[in-house]
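Nothing in this text is a laboratory measurement; each read-out follows from the coordinates by a stated rule. Since this is a predicted model, take the numbers as computed values, not measurements. Positions of Cβ are backbone-derived with ideal geometry, glycine not excepted, and every protein chain shown enters the neighbour counts.
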Amino acid sequence: MTALHDTAPLGLAERWGGRSRVSDLDGPVHWVDFAGPYAAAPGPADAPGPADAPGPADAPVPRPQGQGAPVVLVHGLGGSHLNWVHVAPELARKRRVVAVDLAGFGLTPSAGRDTGVRANASLLGRFVREVVGSPAVLVGNSMGGMVSLLLGKAEPESVAGLVLVDPSVPTGVTNLDRLVAFQFGLYATPLLGEQFLVRMRRRYTSHQRVTGTVRLCFADPARADAAVIEAGASLLAYRDTLPRAEAEFLRAARSLLTVLRRGRAYSELIRSVSSPVLLIHGEQDRLVPVEAARRVAAANPDWETEWLAGVGHTPQLEAPDRVVERIVPWLDRLTQPAT
């Protein structure tokens, strides 16, 4: 199997109870197991990462009677497994919880794979089937919500439920935040997008770029955890050393924008998803305005919804207790899978 680079900063999530793993799915896929008391045996595609020697924790632990479907946490554009460190430990009290890095993000290189949203939905499907080993509840933020919806439509048998946290959905005629519109306009433009990302990397440190993302994604940046920012800066500094990091990011961003531009087709796809859905959305989201999320919720009346006042685009980092308080009872109500 193709291994991660020796300098990959494995173990960034250890302080929050996460254990780095690497699986071979036509190239390495990095993920973090927040297994909690119900750790499952590694699947056939699973292999220890360089900093993850096998030990007693790898021994199979039977699923307790009544334990629900495993949970797979799926980050957004530019994100990683670190986006979930404040909610994963609490969710793992009752079921297996893992956070995956999609191709071209976090510690998962593209390794020749497409980093677009549809390709990453296919990769996520393989991860659920071959690594998790049973239908999973997908908890997706932003682009991760779109990827999860695409998988829910393509492979409903792999998806036990969807929790969409400020997902990328059609915005319609909603006026976008000027900075967001400008930034994504650059991403969409050939050459300008590449030049913009290179300029940002050269002008600002990894720490400065992470804090800039916090200012964009949080309603109140003061709520950000300094430890998560430092871990994110370490991860970004590593990605800066990879030869195609900007190209991988832009391929994902442009594919996301392509799906959003086909608003009617995407809305029809969303309505056709058969899995139970919980939508959680921050009312001060600058990237996906809450008005857009309310329209999607109105078009899908079977969904459960939660609107978070005073919260931005990444509630799982800004208001993790409120997110956990909403997700846990919803998970408990899901139909239990066959054991």
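Sort 200, 143 so that the residue with the fewest other Cβ atoms within 10 Å of its own Cβ comes first and the one with the most comes last.
Ordered by Cβ neighbours within 10 Å, fewest first: 200, 143.
Listing 321, 220 from the residue with the fewest other Cβ atoms within 10 Å to the one with the most, what is the order?
321, 220
Would you calculate the separation in nanometres between label points at residue 242 and residue 261, each defined as 7 Å from the Cα along the Cα-to-beta-carbon direction?
2.5 nm
Which of 303, 84 has the fewest other C-beta atoms within 10 Å, and how do the rest follow up to the most?
Numbers: 303 17, 84 32.
Lowest to highest Cβ neighbour count: 303, 84.
Take residue 126 and residue 5, extend 7 Å from each Cα along the Cα→Cβ direction, and tell me the distance between the two endpoints in nm.
The modelled label-to-label distance comes out at 2.2 nm.
Separation between the residue 188 and residue 332 pseudo-spin-labels, each 7 Å from Cα along Cα→Cβ, expressed in nm?
The answer from the label model is 4.4 nm.
Considering amide H positions built from the backbone, and no H for Pro or chain starts, which residues 5 or more places from residue 308, or on another chain, come under 5 Å of its amide H?
The list, which skips near neighbours in sequence, is 281, 282, 283.
Which FRET efficiency value, to the nearest 0.05, is calculated for residue 230 and residue 177 with the Förster distance at 30 angstrom and r the Cβ-Cβ distance?
Here the calculated transfer efficiency is 0.65.
Amide H of residue 163 versus every other amide H placed in the peptide plane: which residues, excluding those fewer than 5 positions away on the same chain, fall under 5 Å?
Long-range HN contacts for residue 163: 138, 139, 140, 278.
Per-residue HN-Hα couplings for segment 161-169, Karplus 6.51 cos²θ - 1.76 cosθ + 1.60 at θ = phi - 60°, whole Hz, x for Gly and Pro?
x, 10, 10, 9, 9, 6, x, 6, 10
How many angstrom separate the Cα center of segment 63-117 from the Cα center of segment 236-301?
16 Å
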